[in-house]
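For reference, the structure discussed in these notes is given below.
Since every read-out is calculated from the coordinates, none of them should be taken as a lab result. Owing to the predicted nature of the structure, the values given are computational and were not obtained by experimental measurement. Counting neighbours? That spans all protein chains shown, and the Cβs are built from the backbone with ideal geometry, glycine included.
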């Protein structure tokens, strides 16, 4: 992981993109002891239902909380891939939901097409945990935060009574990329 | 409301500061049709339990999502008032919880000491809705977003089954500042 690590999560309203960003930033800052920022930018395009969250993680103080050169980009819908799949570094990682995104963003990054939504629905049993499956894939591929930190941050943020379900979703996300 | 309106919410972990920031930004962007950003910055001080969220609202595109010159500052704890009560404009608004904040931030802004936590606990019946009472006071004093927009944004974000409780909390927040 480089000095400043920029993550952009995107999808549509109801997929829990904002919560995933909050969890990732809290994992980095509260449980891994780094600096982190978490930002949502809402513009005219967000009224169409597209949703975006950005997380910056750094060992040092973060002056500018907007992503400039994205290290990891996640898209759970085609519209999100089209709108937000820019500014990804050549050395970056792109994760696309394989059932929802048909056209890849252009660029020479490492592309991972993963059955995130299908895994949430079929392996875990709740499509609404696609955001947590995504976090497992993101952490498994990027090591942006530790596995311990992401678990703790999930437990602190998800509704009481859903902890086991969400940890299963995280494990399913790790499993999607183990060995990748 | 000026061209760029900067809101900084602060308190401690568990008070729902992050959720309040998300709701305020979504009220502005999704329901009032403006541009908005919502940012959490986590640094070493956030490991002590202090929590901060910033929301910028503008008619135009927002280039820089960090607050530079704060129009409205909320503090629900003394530690938060001490750490984050800087950079408030002379024409700004400061809202402090009257039971938790004993020492006012220095400056010549309009100061409102309000029984936010007590209102959540006694008038609404749940201390955990102090964040929503705060939103009522913020919107009542600043008109940063419309009352309709804040209601809709709350209904879209709070857990199912708690809608009526949260709307009561919002109304209690409006009532704290009506006529102010």
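Structure data summary
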{"read-out": "For residue A:147, inter-copy label distances in nm, listed shortest first [label point 7 Å out on the Cα-Cβ vector]", "value": "5.3"}
{"read-out": "Relative contact order computed over chain B (Cα-Cα under 8 Å; 6+ residues apart), in percent", "value": "23"}
{"read-out": "Chain B - mean residue ellipticity at 222 nm from DSSP helices (-39,500 (n - 2.57) per run, n ≥ 4, rounded to 500)", "value": "-9500 deg cm²/dmol"}
{"read-out": "Among A:137, A:28, A:110: highest mean-square fluctuation, GNM of chain A, C-alpha pairs under 10 Å", "value": "A:110"}
{"read-out": "Residue-averaged beta-carbon neighbours from other chains (10 angstrom radius) around B:31-41", "value": "6"}
{"read-out": "Simple spin-label estimate for residue B:69 and residue A:91 in nanometres, 7 Å along Cα-Cβ", "value": "3.9"}
{"read-out": "Antiparallel bridge percentage (DSSP; both residues within the protein assembly as shown; nearest 5)", "value": "55"}
{"read-out": "Full-extension gain in nm, residue A:3 to residue A:113, via 0.36 nm per residue minus C-alpha separation", "value": "36.9 nm"}
{"read-out": "C-alpha center-to-center spacing [region B:111-130, region A:59-134] in angstrom", "value": "40"}
{"read-out": "Taking A:77, B:119 and counting other C-beta atoms within 10 Å, the order from fewest to most", "value": "A:77, B:119"}
{"read-out": "Whole-angstrom gap from region B:154-180 to region A:165-180, using each part's C-alpha centre", "value": "38"}
{"read-out": "Shape call, region A:13-53: gyration tensor on alpha carbons, a/c limit 1.5", "value": "oblate"}
{"read-out": "Nearest-first distances (nm) between copies at residue A:64, label 7 Å from Cα via Cβ", "value": "1.1"}
{"read-out": "For chain B: rounded, prolate or oblate by the Cα gyration tensor [a/c cutoff 1.5]", "value": "rounded"}
{"read-out": "Candidates B:130, B:29, B:156: whichever shows maximal mean-square fluctuation once chain B is modelled as a Gaussian network with Cα springs under 10 Å", "value": "B:156"}
{"read-out": "For the protein assembly as shown: rounded, prolate or oblate by the Cα gyration tensor [a/c cutoff 1.5]", "value": "prolate"}
{"read-out": "For chain A, share of DSSP beta bridges that run antiparallel, in % to the nearest 5", "value": "50"}
